């Protein structure tokens, strides 16, 4: 892959510059911290990138101000009364202590019950809850992949779910393997589907170039709406430029 990544400073801003085999320069600001990233054609100099950033400084500042004012979810302790998200909906957690097996159940449209043994600590309650998350998302993924394999005309050899800090998904093109972020369980199913399609399309085009965008437009015309939902606070990641 013909890419080059480095950083430059522009008017006090640290800007990530990624040079790729693309035709046009793309500037973006990402939540939650307002990171500035420029994807530039290989031939474009740092001075040209710096000028592009300077001309967009007012817009960049507005985006960063918007992100700084957004709600962010604090660290969870898995205790009664906390808010937890599942498939885009906010639920109140209700912890029930019992002697039976640990489990999680959605009681109504507002409450998730977490059944754990007496004396369980935060780490143990978290483990039970995340195991439930993993079970739920793993049930959704296979039919989505099967559906889109037929539409796109590619074959996924392997997929898995893991916790990732800065990406919603990744694709090992050579192995035809897709990894999906466990936190997608918190997002609407359409967001999970979008990430799956995005990663599958890397089997046709490995770069985030104009051709890749054309493929996204062709197979999922509403993909930008799903990307916006992914980046919506409080459940957003910093590095998704999709």
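Read the figures in this text as sums done on the coordinates, not as results from a lab. Everything quoted here is computed from the prediction, not taken from an experiment. For neighbour counting, all protein chains shown are included, and Cβ atoms are generated from backbone atoms with ideal geometry for every residue, glycine included.
Key figures for this structure:
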{"item": "Intensity falloff of the chain expressed as log10 I(q)/I(0), Debye formula with alpha-carbon point scatterers, at q = 0.11, 0.14, 0.16 Å⁻¹", "result": "-0.69, -1.01, -1.20"}
{"item": "Degrees between helix 57-68 axis and first principal axis of the chain (Cα, 0 to 90, nearest 10)", "result": "10"}
{"item": "Per-peptide average of other Cβ atoms within 10 Å, ordering 23-29, 53-59 highest first", "result": "23-29, 53-59"}
{"item": "Packing rank of 197-207, 37-47, 99-109, where each peptide gets the mean count of other beta carbons within 10 Å, highest leading", "result": "197-207, 37-47, 99-109"}
{"item": "Rounded to 10°, Cα long-axis angle of helix 189-201 versus longest principal axis of the chain", "result": "40"}
{"item": "Calculated FRET value between residue 18 and residue 115, using beta carbons and R₀ = 45 Å, to 0.05", "result": "0.45"}
{"item": "Chain lengthening between residue 57 and residue 177 when straightened (0.36 nm per residue, less Cα-Cα)", "result": "39.3 nm"}
{"item": "Separation between Cα centres of segment 119-136 and segment 149-219, rounded to whole Å", "result": "27"}
{"item": "Neighbour-count ranking [beta-carbon atoms within 10 angstrom, fewest first] of 232, 90, 35", "result": "90, 232, 35"}
{"item": "Crossing angle, helix 210-219 versus the chain [Cα axis fit, 0-90 degrees, rounded to tens]", "result": "40"}
{"item": "Quarter of Cα convex hull surface for segment 4-68, i.e. mean projection, nm²", "result": "4.1"}
{"item": "Three-way shape call for segment 1-144 based on the alpha-carbon gyration tensor, with the a/c threshold at 1.5", "result": "prolate"}
